[in-house]
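Here the structure is laid out as C-alpha cells; the discussion comes afterwards.
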Amino acid sequence: AKELVEFRNLKTHFQTSAGTVKAVDDVSFKIREGETLCVVGESGCGKSVTAMSLMRLIDTPPVGGEIFYDGKDLLKMSKREMSLIRGNDIAMIFQEPMTSLNPVLTIGEQIVEPILLHQLVNRKEAKKRAIDLINLVGIPRAEKIFDSYPHELSGGMRQRIMIAIALSCNPKLLIADEPTTALDVTIQAQILDLMRDIKGKLNTSIMLITHDLGVVAEMADYVVVMYAGKVIEEAPVIELFKHPKHPYTKGLLKAKPIINQTQERLYSIPGQVPNPVDLGDNCHFHDRCESCMQICTEKTPPLGTDPNGHKVACWLYEEEGKAQ
Ligand code: SF4
Ligand code: MG
C-alpha cells in the first residue's frame with residue numbers, strides 16, 4: 001500500500017539540567033494507508049514523543065529530521081496549516097478519556113464542535129453526524145448519550161466517545177496512545193474490537209502506541225520496537241513474532257508479565273532501561289544483553305535490513321554496518 005506518513009531521521013531532544021535527553025534519536029519508519037502500525041516499548045522509550053512530534057504538540061520542536069504526511073513535511077508547515085491537519089487529517093486518542101473530555105459540556109457538544117470547526121455543515125447536520133458517530137462506536141441510545149455529561153458515562157463508554165470525536169472528521173490517520181491501558185481487561189478487549197472494526201469500515205491508518213505485546217498481537221499489521229529513543233527492530237507482525245531478531249524483542253516475547261506492577265514495567269527482563277541523559281555511542285541495550293560483544297559498547301548498531309525487509313539494529317546481524 002501507499003505510504004501515508006514517513007518519519008525520516010527524526011530527532012526530538014530535550015535539554016535538562018542534568019544534560020541532553022535524546023527522547024527520539026534518529027528515528028525513521030513509515031505508516032502505510034489502511035495499516036495498523038504498533039509502536040511498542042517500555043515507558044520512556046520515545047514512543048509517545050514520536051507521536052507528539054508528529055502532532056506538533058511538543059514545546060521544543062524536533063532538532064532534526066522530517067515527518068512527511070501525504071508528501072509534505074509537517075515540521076515545515078505554518079501553525080495554521082498544521083492546525084487544519086490536526087483533528088482533520090490526523091486525530092489522536094489518549095490513555096485517560098476523562099481528562100480529555102470537558103466535564104461541563106455535553107457529549108453531543110463535544111462531538112459537534114470539531115465537526116463545525118473542520119467541515120462545511122450546519123449545526124443540524126453536525127448533530128446528525130454526531131449521532132451517527134455515537135452509533136458507529138457501538139453505544140446504544142445515541143440520542144440520550146448526546147445530551148449526557150462525561151461523568152454519567154463509564155470509562156469504556158468515555159473511550160468510545162473519544163474515538164467518535166477522533167473520527168468526526170474522517171481522519172486518514174488515527175493515533176492512539178495506550179488507548180486501553182486505563183481500562184479493565186474486558187472493556188479493553190471491546191475497545192480493541194471497536195478499533196479493528198473501524199479500521200475495516202473506514203480504512204483509516206492507525207498508529208497504536210503500546211507497551212503490551214498482547215495488544216500488538218491482536219491489532220498490528222506492522223510493528224516498530226523502540227528502546228531508549230531508537231528503533232531497534234521492525235517487521236510485519238507475524239514475521240516479528242515468529243522470527244524476532246533483537247535480543248530485547250526476544251526478551252519481551254519470552255518474558256511473563258508481572259502482575260500488579262506499575263504499568264509499563266510489565267516485563268521481567270533483567271536490568272533497567274538506561275538513564276536517558278547523555279546516552280553514548282553504543283548499543284543502548286548492552287547492559288542488559290546476554291550476547292553483548294566488545295563492539296556493542298563502542299558503536300551504535302545501525303538499523304539494517306534483511307532480504308525480507310525485516311529490520312534490526314544489532315551487531316549480531318551486522319558486519320561493520322553492512323546488513324547480512
Ligand atoms: Fe546485544 Fe550487542 Fe545486539 Fe546490542 S548490539 S542487542 S548489546 S548483541
Ligand atoms: Mg507514553
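The values are calculated or read from the model by the stated rules, or taken from the named source; none is laboratory data. These numbers come from a predicted model, not from an experiment. Because the Cβ atoms are built from the backbone with ideal geometry, glycine has one as well, and the counts that use them run over all protein chains shown.
What's the number of the only condition in (1) more than 10 Å from ligand 1 (Cβ to nearest atom); (2) under 22 Å from VAL24 (Cα atoms); (3) at pLDDT 95 or above that THR297 fails to meet? Checking THR297 against (1) more than 10 Å from ligand 1 (Cβ to nearest atom); (2) under 22 Å from VAL24 (Cα atoms); (3) at pLDDT 95 or above, the one that fails is (1).
A quick yes/no check of all residues on (1) outside any loop (DSSP other than H, G, I, E, B); (2) surrounded by fewer than 12 Cβ atoms within 10 Å (Cβ to Cβ); (3) of a type in the set (Gly, Ala, Ser); (4) modelled with pLDDT of 95 or more:
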| position | (1), (2), (3), (4) |
| --- | --- |
| VAL225 | yes, no, no, yes |
| LYS245 | no, no, no, yes |
| ASN260 | no, yes, no, no |
| GLN263 | no, no, no, no |
| SER268 | no, no, yes, no |
| GLY271 | no, yes, yes, no |
| CYS292 | no, no, no, yes |
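Residues of the stretch 4-31 that are under 19 Å from VAL231 (Cβ atoms) and loosely packed, with under 15 Cβ neighbours inside 10 Å: ASN9 alone. When GLY108, GLY46, GLY41, GLY34 are checked against the criterion of being outside the structural domain of ALA182 (by TED's automatic domain parsing) and small (Gly, Ala, Ser), GLY108 stands alone in meeting it.
Residue-wise test of (1) away from ligand 1 (no atom under 14 Å from the Cβ); (2) hydroxyl-bearing (Ser, Thr, Tyr); (3) out of contact with any Cys (no Cβ under 8 Å at 6 or more places or on another chain); (4) assigned to a strand (DSSP E or B).
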| residue | (1), (2), (3), (4) |
| --- | --- |
| LEU208 | yes, no, no, yes |
| VAL215 | yes, no, no, no |
| GLU218 | yes, no, yes, no |
| ILE232 | no, no, no, yes |
| ILE238 | yes, no, yes, no |
| PHE241 | yes, no, yes, no |
| TYR248 | no, yes, no, no |
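Looking only at the stretch 139-167, which residues are at pLDDT 95 or above and of a type in the set (Gly, Ala, Ser)? Once the filter is applied, which keeps residues that are at pLDDT 95 or above and of a type in the set (Gly, Ala, Ser), the stretch 139-167 yields ALA142, SER148. Among the residues of the stretch 32-52, those that are over 11 Å from the mean Cα position of the chain (by Cα) and either buried (at least 24 other Cβ atoms within 10 Å of the Cβ) or more than 10 Å from ligand 2 (Cβ to nearest atom) (or both) comprise ARG32, GLU33, GLY34, GLU35, CYS45. Assess whether LEU116 counts as being at pLDDT 90 or above and in contact with a strand residue (DSSP E or B) (Cβ under 7 Å, 6 or more places away or on another chain). So LEU116 fails the test. Consider ALA1 carefully, then state whether it is in contact (Cβ under 8 Å) with a residue 12 or more places away in the chain and either under 26 Å from PRO244 (Cα atoms) or not assigned by TED's automatic domain parsing to the domain that holds VAL215 (or both). Yes; evaluated as a whole, the condition is true for this residue. Looking across the stretch 36-75, the residues that are part of a loop (DSSP other than H, G, I, E, B) and either touching a Gly at 6+ places or on another chain (Cβ under 8 Å) or closer than 28 Å to ILE269 by Cβ (or both) come down to GLY41, GLU42, SER43, GLY44, CYS45, GLY46.
Output yes when any residue across the stretch 163-171 is touching a residue at least 40 places away in the same chain (Cβ under 8 Å), among the polar types (S, T, N, Q), part of a loop (DSSP other than H, G, I, E, B) and surrounded by 15 or more Cβ atoms within 10 Å (Cβ to Cβ), and no when none is. Yes, the conditions are met somewhere in the stretch 163-171.
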